[in-house]
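Below is one structure, written out as structure tokens; the observations come after it.
Rule-based calculations on the coordinates, nothing more; no lab input. Everything numeric here is computed off the predicted structure, so don't read it as measured data. Please note: Cβ atoms are built from the backbone with ideal geometry, for glycine as well, and neighbour counts cover all protein chains shown.
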């Protein structure tokens, strides 16, 4: 099934990038320069994807050609927020126009694209867009091709976390990723595993059941509590997916952790209950990794990170970055 | 796992730390409870997770109220990343120096080069290449100066 990509942006590079993507994928494309253009465009909630420039210097002012508040007023009643991809050149959690319009788009971090249009982004972004057409993507396989390697590891007790993280790091080093980037992805994997083991579990009443536990605790998981880790390797990027069987993360949780900026506010060690530091997702985004969260309420969460296979850490810092959420 | 070497020098205790900092790291146990000025040399820290960051801030924040002066030297790239991400990561300690990551274009050797914080401004965000000790080729700074040195611009 095809898509109709619609850019609402006066930036040439946005129009060029997405028109080329549409051509390659055999999708249709329309460039809108103003909200008026968008209003007169043929939009349908099944096939249309709106790629919205969130960096316009007047984004929060009424004389902007596409003021955020008016775009919201127009789109909210007729179009699902899950099919709007704001594009920014700033780190995802620093764009005030997006954060301040949080109530507008409900969750400013549903999907975001950082304007680093490299080769590897051309491989993965169509897959992210493709996932908006299915109810919930099926783990890492939705983001890789059949010929790509996707390995799976199952954790049945908490003590396996450390070894699993080291395995991830060694696998990435074995395919030629530099040691810093391998360590960074391993670190992010550790955060996702800790979330799955300690933060995700709920008791029968829906209350967190392990959030207060010491992160050093050694215990076996119940039969329905296993944590799965997948690592996928594409020619241009890698992905790690950690899955739990609770489906307890939601947009509000995500927003709470991502919206905070410890660059401007002190980190307080007593801010979060229990042993959690509340820095895992924040650190992943700050490091420049891409993140995809898929949550099937009360059933399953897939938390994924993606990273381009670059020839240096410096190149990684200017490669694709995106976030996407499917709740 | 964290390893710590302790030395006394010029009236200061110098702790050289390396390895990983995570939920198993008990900094109070590893470093003790310094009662005099101390220095932490940290070029060998390769990973720090979120619970490790929390433990780090909890531990080092105890010295300011006790008027114990401390400083950091040769902070590794992974700690510089935290320094840039969290404004109170240094917990009142002085960052005297950090290390800069380099990558050799020819043989892909990864290097680290120390730099004093006071000298970073003099670079004016132009970081010169260095000679790779392995192949004698050019090794380039493997970061963007305006981002890597961002912590220096904080008031």
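Fully extending the segment from residue A:214 to residue A:252, taken as 0.36 nm per residue of separation minus the present Cα-Cα distance, adds 11.2 nm. Computed on chain A, with alpha-carbon pairs under 8 angstrom and 6+ residues apart, the relative contact order is 18 percent.
A Förster distance of 30 Å, applied to the separation of the beta-carbon atoms of residue B:33 and residue A:156, puts the FRET efficiency at 0.15.
Run through the DSSP bridge list for the protein assembly as shown and note the antiparallel percent, rounded to the nearest 5. In the protein assembly as shown, approximately 60 percent of DSSP beta bridges are antiparallel ones.
Rounded to the nearest 5, the antiparallel percentage of DSSP beta bridges internal to chain B is 55%.
The value of relative contact order for the stretch A:276-327, using C-alpha pairs under 8 Å at least six residues apart, is 39 percent. Beta-bridge orientation, the stretch A:139-326: approximately 90 percent antiparallel, per DSSP, counting only bridges with both partners inside. The ranking of A:307, B:152, B:132 from fewest to most other beta carbons within 10 Å of each one's beta carbon is B:152, B:132, A:307. Shape analysis of the stretch A:172-292 places it in the oblate category; the axes a ≥ b ≥ c from the Cα gyration tensor give an a/c of at least 1.5, with a/b not above b/c. For the stretch B:1-95, the relative contact order is 26 percent, taking Cα pairs closer than 8 Å that sit 6 or more residues apart in sequence and dividing their mean separation by the residue count. Shielding by partners for peptide A:282-290, expressed as the average number of C-beta atoms from other protein chains within 10 Å of each residue's C-beta, is 3.
Modelled label positions at residue A:19 and residue A:264, each set 7 Å beyond Cα in the direction of Cβ, lie 3.6 nm from each other.
Ellipticity at 222 nm from helices only: DSSP H runs of n ≥ 4 in chain B, each -39500 (n - 2.57), divided by the residue count, give -6000 deg cm²/dmol. Counting Cβ atoms of other protein chains within 10 Å of each Cβ in B:124-135 and taking the mean gives 0. Label positions at residue A:33 and residue A:298, each projected 7 Å from the Cα along the C-beta direction, are separated by 5.2 nm. Per-residue shielding of B:94-105, expressed as the average number of other chain Cβ atoms within 10 Å of the residue Cβ, stands at 1.
Taking a ≥ b ≥ c as the square roots of the eigenvalues of the Cα gyration tensor of the stretch A:243-327, is the shape rounded (a/c under 1.5), prolate (a/b larger than b/c) or oblate? In terms of gyration-tensor shape, oblate. Compactness of chain A was expressed as the Cα radius of gyration divided by 2.2 N^0.38 Å, which yields 0.99. By the beta-carbon count within 10 Å of each Cβ, the least crowded to most crowded order of A:27, B:56, fewest first, is A:27, B:56. Here the sum of -39500 (n - 2.57) over DSSP H runs of 4 or more residues, divided by the residues of chain A, equals -8500 deg cm²/dmol at 222 nm, to the nearest 500. The listed peptides A:242-248, A:185-191, ordered by packing as a protection proxy, come out as A:185-191, A:242-248 (highest mean of other Cβ atoms within 10 Å first). Fewest-first ordering of B:62, A:164, B:16 by other beta carbons within 10 Å of each residue's beta carbon gives B:62, B:16, A:164.
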